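Shown next, in structure tokens, is the structure this report addresses.
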Amino acid sequence: MAINVRAKYLNKTEEMSFIDRLYLPAIVKGMFITMKHFLFTKAYTVEYPEERKPIAPRFRGRHVMKRDEMGRERCTACYCCQYSCPAECINIEAAEVTGDIRNNHPEDKYARVFEIELLRCIFCGFCQEACPKAAIYLEEFYELADYDDRSKYLLTKKEMMETEGKPVKYRV
């Protein structure tokens, strides 16, 4: 019997008064909140080129290829970053390490071609998390806009190796 009483209570409809039907109290309340923010809240403006907002420590920006302590490339072309990328923007071509480039690569194979299409990249950081050698890192650089050429958004291995960035130790 308690269920029936409760059901009757929930299905009860009340008549709206004339003022409620005009929605006048709701409009006045909304205008009060708007005016309060307009008059008493300080505007937050950053003069961008001269002044910059602080970046969060976990911000993910442009990709960088890391080197080990001896200056050799960390990437061993294991394809983990390519397979983990949800946007499928990473292209890797592996090659065998020969005698003349042995001092640049610690393993038996290396990434001859390593390209990232920045226009497709969603900067999720899965490539950084998937890399077993900590070879790829997303730095804090976020100014990637360009007006002229879309080919500048194809990030090659050479461009990623130019930035040294922070040293990264091997994961344990």
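Tabulated data for the structure shown
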read-out: Filter result for ASP20 (more than 26 Å from PHE126 (Cα to Cα) and among the acidic types (Asp, Glu)); value: yes
read-out: Every pair of residues 6+ apart whose Cβ atoms lie under 6 Å, when the first sits in the stretch 65-76 and is under 12 Å from ILE136 (Cα atoms) while the second is aromatic (Phe, Trp, Tyr); value: LYS66/TYR137
read-out: Strands (runs of 3 or more DSSP E) within the stretch 53-143 that include 1 or more residues over 20 Å from the mean Cα position of the chain (by Cα) and either outside the structural domain of LEU154 (by TED's automatic domain parsing) or not basic (Lys, Arg) (or both); value: 90-96, 109-117
read-out: Hits in the stretch 30-62 (condition: of a type in the set (Ser, Thr, Tyr), modelled with pLDDT under 90 and either over 30 Å from PHE126 (Cα atoms) or surrounded by 10 or more Cβ atoms within 10 Å (Cβ to Cβ) (or both)); value: THR41, TYR44, THR45
read-out: Residue in the stretch 77-96 that is exposed (fewer than 12 other Cβ atoms within 10 Å of the Cβ) and without any contact (Cβ under 8 Å) to a residue 12 or more places away in the chain present; value: no
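The values are calculated or read from the model by the stated rules, or taken from the named source; none is laboratory data. For clarity, every value in this text was computed on a predicted model and none was experimentally measured. With ideal geometry, Cβ positions are generated from the backbone for all residues, glycine too; neighbour counts draw on all protein chains shown.
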